[in-house]
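Enquirer: Have a look at this one before I ask anything.
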Amino acid sequence: MMSSTLNKLLQEMPKAELHIHIEGSLQPERIFALAERNHLTLAYPSIDALRAAYAFTDLQSFLDIYYAGASVLLTEQDFYDMTTDYLEAALADNVRHTEIFFDPQTHTARGVAMATVINGIHNACLALADKISAKLILCFLRHLSEEDAFATLEAALPYRDKFIGVGLDSSEVGNPPEKFSRVFARCRELGLHIVAHAGEEGPPAYIHTALDDLQVERIDHGVRCLEDAALTARLAQQQIPLTVCPLSNLKLRVVQDMRQHNLRTLLEKGLLVTINSDDPAYFGGYLHANFSAVFDALQMDSSHAQQLAKNSFQAAFLPDDVKARYLAEVDAFFAAQAA
Ligand code: ADE
Ligand code: ZN
């Protein structure tokens, strides 16, 4: 068992979160409250029955429930309340900066306006801006067409100042990054930051094409990179950040046991690894719970914690001076622990 001192340090250290799907932060209680407010009937009779359905066997079995959960979001207030819930939980874990994914197609396909989605999430971030720094990343659903992604980008452009980048998520296998090369080329022209999920369930080849075809700045997940030694060396050499999500990997059976997680190996090979919660309402916890689970299973120590806290800011889409301030804050925090 990990010491309570280390666990407290993991909780208290300043950190950034770079891989969190806001729709994946909808807790069952909030899903039921929104269903009631919007006069919707859910397929599950109770909060407990819904939670009991969170027994996933792979990514798709999760996505089916995740999209069903998100269907209660209708009004700007709904998006605002969901985002406020997440930001308050992140604050409790001493997250200083967060880059939040949102999936507009999940909502626009149900007739919810792009403005409703973006304004609701963005206004919640603004309301807590003096407590936590939050930026938005629009994700395209890779199981949908390139044409749909282009239409989504077009619909989001009036709100270009409210998101800093674009990503690629949903069903990975069979939907390689290169399916969206032209959309991402357009996004790069628009000056957006670029990330993509790759190497979660999909093969290392998808990490290669995310880097070469989409020209991503970070890889989301990427844990399958170790199957390709040349790719692993490239990620280390170019310091391409990986946003790893330990509890997600366990719940979606990317790893069978947390003790088999390769996060420590990746870190010790010099990759710029970060820890993130992915979909905290579905996978058993927010950011600190992810740190706690993986530190316990892999017997990591405070030097790993310091490295991971620094990596989280290093990998963030922040100006260099702001980044330097956060990095100094992490070092000061750890120096104070040692004193
Ligand atoms: N959407 C939400 N969580 C996801 C994940 N872990 N992988 C792909 N798409 C997602
Ligand atoms: Zn994800």
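Enquirer: Would you point out which residue out of Q256, Q239 is away from ligand 2 (no atom under 16 Å from the Cβ), within 26 Å of G24 (Cα to Cα) and outside any helix (DSSP H, G or I)?
Expert: On inspection, the qualifying residue turns out to be Q256.
Enquirer: While we're looking at this one, here's another question. Go through region 142-167 and report how many residues are hydrophobic (A, V, I, L, M, F, W, C) and touching a strand residue (DSSP E or B) at 6+ places or on another chain (Cβ under 7 Å).
Expert: Going through region 142-167 one residue at a time, the tally reaches 5.
Matching residues to (1) of a type in the set (F, W, Y); (2) under 26 Å from I65 (Cβ atoms); (3) within 14 Å of ligand 1 (Cβ to nearest atom):
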{"site": "L87", "(1), (2), (3)": "no, yes, no"}
{"site": "A92", "(1), (2), (3)": "no, yes, no"}
{"site": "H97", "(1), (2), (3)": "no, no, no"}
{"site": "T106", "(1), (2), (3)": "no, yes, yes"}
{"site": "A134", "(1), (2), (3)": "no, yes, no"}
{"site": "D148", "(1), (2), (3)": "no, yes, no"}
{"site": "K162", "(1), (2), (3)": "no, no, no"}
{"site": "S171", "(1), (2), (3)": "no, yes, yes"}
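Enquirer: Which is touching a Pro at 6+ places or on another chain (Cβ under 6 Å) and more than 16 Å from E172 (Cα to Cα), of L231, L250?
Expert: L231
Enquirer: Out of A49, A53, I need the residue that is surrounded by 13 or more Cβ atoms within 10 Å (Cβ to Cβ) and at pLDDT 95 or above. Which one?
Expert: Exactly one residue qualifies, and that residue is A53.
Enquirer: Would you mind finding the one in L272, L287, L250, L242 that is surrounded by 17 or more Cβ atoms within 10 Å (Cβ to Cβ) and over 30 Å from R51 (Cα atoms)?
Expert: Going through L272, L287, L250, L242 in turn, the sole match is L272.
Enquirer: Kindly list, by first and then second residue, each pair from a residue in region 306-329 that is at positive phi to a residue that is assigned to a helix (DSSP H, G or I) and open to solvent by 20 Å² or more (accessible area, probe 1.4 Å), limited to pairs with Cβ atoms under 8 Å and residues at least 6 apart or on different chains.
Expert: Listed by first residue and then by second, the contacts come to nothing, as the list is empty.
Enquirer: Which of the residues belonging to region 8-52 are within 30 Å of A328 (Cα to Cα) and part of a loop (DSSP other than H, G, I, E, B)?
Expert: Correct list: M13, P14.
Enquirer: Would you say L263 is touching a residue at least 24 places away in the same chain (Cβ under 8 Å) and crowded, with 24+ Cβ neighbours inside 10 Å?
Expert: yes
Enquirer: In addition: Are any residues in region 199-220 within 13 Å of ligand 2 (Cβ to nearest atom), free of Cβ contacts under 8 Å to residues at least 40 places away in the same chain and in contact with a Leu (Cβ under 8 Å, 6 or more places away or on another chain), and if so, which ones?
Expert: I219
Enquirer: Now for a different question. So which of T98, T84 ends up being on the phi < 0 side of the Ramachandran plot and surrounded by fewer than 21 Cβ atoms within 10 Å (Cβ to Cβ)?
Expert: Exactly one residue qualifies, and that residue is T84.
The values are calculated or read from the model by the stated rules, or taken from the named source; none is laboratory data. Bear in mind the structure is a predicted one, so any value in this text is a computation, not a measurement. Cβ coordinates were reconstructed from backbone atoms using ideal geometry, including for glycine residues, and neighbour counts include every protein chain displayed. Just the protein is used for accessible areas: all its heavy atoms, side chains included, with ligands, DNA and RNA removed. Shrake-Rupley method; radii C 1.70, N 1.55, O 1.52, S 1.80 Å.
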